Amino acid sequence: MAPTFLAIMLVVFLLMSVLPGSNINEFSSNGGGDWLDGIFSSLNMTDSIVARYVRYIVNLAKGDFGEGRSSAGLGSNIFYRLGFTAKLALFGFLLSAIIGIPAGTLAAVKRGGRADKAVSVLTLVMSSLPSYALAVVLVLIFCLYFNLLPPFGFGTPEYYIMPTMVVAAGGVAMTTRMTRSAVSGELGSQYVMVLRAKGLTGRRIVWLHVMKNALGTVVASLTNLASQLLCGTLIAENFFSMPGICQLLTKSISGRNQHTVLGCVAVLSVILMMVNIVSDFAAALLSPRIKDAMVYGGGRQNGES
Amino acid sequence: MERAKRVIRLFMKNRLAAASLVVFIIVLLFCILGPLFTPYDYSTIDVKNCWQSPSLQHPMGTDGIGRDTMTRLMYGGRTTFSITFTAVLISLLGILPGVAAGFWGGRVDNIISRINDALGAIPTFLMVIFAENMMGWGGGNYRYAMGVALIPPIVRIARSATMEVVGKEYVEAARALGVGSTGIILTHIMRNILSPIIVHVSSSLADTLVMCTLMGYLGIGVNPPEPEWGNIVHGGYAVILSKPIQMIIPSSLIVICVLSLNLIGNGLRDGLETGKERS
């Protein structure tokens, strides 16, 4: 985990320093003179890139994000904005789990039936609709025709309804598809046949036995879902004018705001890695096979026991 | 050849897929041939006629500085499609390392897979922004970054498809007959990994088109006055509450296009899978 984090930060650090407009030598050779050189050296910007990288990482470990543009300090700005993004992503995640898992299960159980077709058409439409087009449709319905929700901004809970739907759309389609293929894979396996032969009802088999195994597969793809949701929040923040971290990140890259970019990337990559670990553990808890492998080491992984 | 014919026949039997192919071709023709017939230029400003609703003179209305939206959509489609197709074509480069990793396995596989994982861990929009910053803003240079971002899944698919084929008896037989590695790859492996690659490419076309317009929409892709579907949609953002039609027309064109590409992909997948079972 730590090496991956350091590698990501190094790549972003290098990229930020090769972008045109962030190389300080361009400025001093263009006639900034001693005055500008003095400022650069007082900010320790004339050091080698390795020295700057090491210093940045050491400061980051102490909780110092460096200097940004707001007076409150870069760290508090990033975490203030992270709040909005985290709320949107969390609501989007809950919505995609609440809708996606039952819908996918329904489609798998009634495979080939009317419900399956309806679900597959809906997921197709949902994944074909670009997030901004969905946002337009939502604004038209809820703001223009029914006048129910405020169109843009943030604050009270009703401001979060439309952005959450925009964020969740891709996630719902993804979760539904994953659940459908996982559940229909499990339904074809032998233990389901045994359970059926024992006389268990279909509903009991699906919700008690199949679900336990299928959820492991779904949870294992949580990292993909998280990056999908992150992409959705980028659009939602932009469209509904929410001051989230994705918006800050895109703006600071074009503004060559190096510390802000690095801080945002650091926070986002730590979160993604944590999601990865949580999904690994959750998948292990749900699937006895992986749990054994984790508890007893790799030996039993291949079904030798 | 026999199999290609069968796949095409199965594809045409699937009415939804055939209809979407027709729709997609119509949209393509609209973008390619349209500019020959339109009397307007995509960048001429006509302030007297700004924010017009659809009429006979301007079938899709005009934007904030009076440019004809239909003309802009035609030229914009050219940009969008060229970016999408270039990106997908670049991503096909991933077949080579994928086949190499699957064919030789061992250390080669390990190195290629690790590099591939690292490449896949970088978010696409970050790569796009960096590429735009390095190669110049607003001209559509991000197509290369998108192509690179699309490589990892292709490498993964080519690798696993190759590994499946390498163990087959006919590959062993070819080897026993003295066919070299290059020969085996060209004759046996390429033919067999073709169908998963085709399926993946057809579905990734739709995703790439969405990504391309997304970048235009966010202002990190092609910038006005150069038209691109995403930035045309964004042009209507200013008046979404008073004139929503400005945003509805371009976004529905994008939705139609993406939907038809997705349905074509589904039809191809079904055709290739059933075609495989029967052959």
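When only residues in region A:131-155 that are free of Cβ contacts under 8 Å to residues at least 60 places away in the same chain and on the phi > 0 side of the Ramachandran plot count, which is least open to solvent (accessible area, probe 1.4 Å)?
Out of the qualifying residues, it is A:G155.
Would you pick out the residues in region A:97-139 that are outside any helix (DSSP H, G or I) and of a type in the set (A, V, I, L, M, F, W, C)?
Within region A:97-139, A:L129 is the sole residue that qualifies.
Based on this model, can you work out whether B:A206 counts as within 14 Å of chain A (Cβ to nearest Cβ), open to solvent by 40 Å² or more (accessible area, probe 1.4 Å), touching a residue at least 24 places away in the same chain (Cβ under 8 Å) and not hydroxyl-bearing (S, T, Y)?
Judged against the criteria, B:A206 is not a match.
Scan region B:219-256 residue by residue and report those that are over 24 Å from B:V23 (Cβ atoms), aliphatic (A, V, I, L, M) and free of Cβ contacts under 8 Å to residues at least 12 places away in the same chain.
Selection gives B:I240, B:L241.
Can you find, within region B:107-131, the residue that is farthest from the other protein chains (Cβ to nearest Cβ) among those that are β-branched (V, I, T) and touching a helix residue (DSSP H, G or I) at 6+ places or on another chain (Cβ under 7 Å)?
Among those residues, the one meeting the criterion is B:V108.
For region A:211-237: of the residues being over 15 Å from B:T124 (Cβ atoms) and out of contact with any helix residue (DSSP H, G or I) (no Cβ under 6 Å at 6 or more places or on another chain), which is most open to solvent (accessible area, probe 1.4 Å)?
The selected residue is A:K212.
Looking only at region B:213-229, decide whether some residue is part of a loop (DSSP other than H, G, I, E, B), within 14 Å of chain A (Cβ to nearest Cβ) and charged (D, E, K, R).
Looking for residues that are part of a loop (DSSP other than H, G, I, E, B), within 14 Å of chain A (Cβ to nearest Cβ) and charged (D, E, K, R), one finds at least one in region B:213-229, hence yes.
For every residue, the table says whether it meets (1) buried (at least 20 other Cβ atoms within 10 Å of the Cβ); (2) closer than 21 Å to B:G230 by Cα; (3) in contact with a Pro (Cβ under 6 Å, 6 or more places away or on another chain).
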position	(1), (2), (3)
B:G106	no, no, no
B:I115	no, no, no
B:A121	no, no, no
B:L126	yes, yes, no
B:I129	yes, yes, no
B:E132	yes, yes, no
B:M135	no, yes, no
B:R143	yes, yes, no
B:A149	yes, yes, no
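Filter region A:82-114 for residues that are open to solvent by 30 Å² or more (accessible area, probe 1.4 Å), farther than 29 Å from A:T156 by Cβ and out of contact with any Ser or Thr (no Cβ under 8 Å at 6 or more places or on another chain) and give the result.
A:P102, A:L106, A:V109, A:K110, A:G112, A:R114
Within region B:31-43, track down each residue that is open to solvent by 50 Å² or more (accessible area, probe 1.4 Å) and either part of a helix (DSSP H, G or I) or of a type in the set (A, V, I, L, M) (or both).
B:I32, B:L33, B:L36, B:F37
Among the residues of region B:118-131, which ones are farther than 17 Å from B:L214 by Cα and either of a type outside the set (G, A, S) or part of a helix (DSSP H, G or I) (or both)?
The answer is B:A118, B:L119, B:G120, B:I122.
Is it true that B:I240 is within 12 Å of another protein chain (Cβ to nearest Cβ) and closer than 16 Å to B:T69 by Cβ?
In short, yes.
Going through region B:15-40 one residue at a time, which ones are over 22 Å from the mean Cα position of the chain (by Cα), under 25 Å from B:L209 (Cα atoms) and touching a residue at least 12 places away in the same chain (Cβ under 8 Å)?
Across region B:15-40, the qualifying residues are B:P35, B:T38.
Among all residue pairs at least 6 apart or on different chains, which show Cβ distances below 9 Å where the first residue, located in region A:156-174, is over 14 Å from A:L94 (Cα atoms) and the second is small (G, A, S)?
Qualifying pairs under 9 Å: A:Y159/A:G153; A:M162/A:A135; A:M162/A:A236.
Considering only region B:132-159, state which residues are assigned to a helix (DSSP H, G or I) and within 10 Å of another protein chain (Cβ to nearest Cβ).
B:E132, B:N133, B:M134, B:M135
Quick check on this structure: which one of A:L195, A:L138, A:L215, A:L106 is within 14 Å of another protein chain (Cβ to nearest Cβ) and among the hydrophobic types (A, V, I, L, M, F, W, C)?
Result of the check over A:L195, A:L138, A:L215, A:L106: A:L138.
Scan region A:97-128 residue by residue and report those that are modelled with pLDDT under 85 and under 19 Å from the mean Cα position of the chain (by Cα).
Correct list: A:S127 only.
The values are calculated or read from the model by the stated rules, or taken from the named source; none is laboratory data. Just so it is clear, the model here is predicted, and its values are computed rather than measured. Cβ: placed from backbone, ideal geometry, glycine included. Neighbour counts: every protein chain shown. These accessible areas exclude ligands, DNA and RNA; they are computed on the full protein's heavy atoms, side chains included. Shrake-Rupley method; radii C 1.70, N 1.55, O 1.52, S 1.80 Å.
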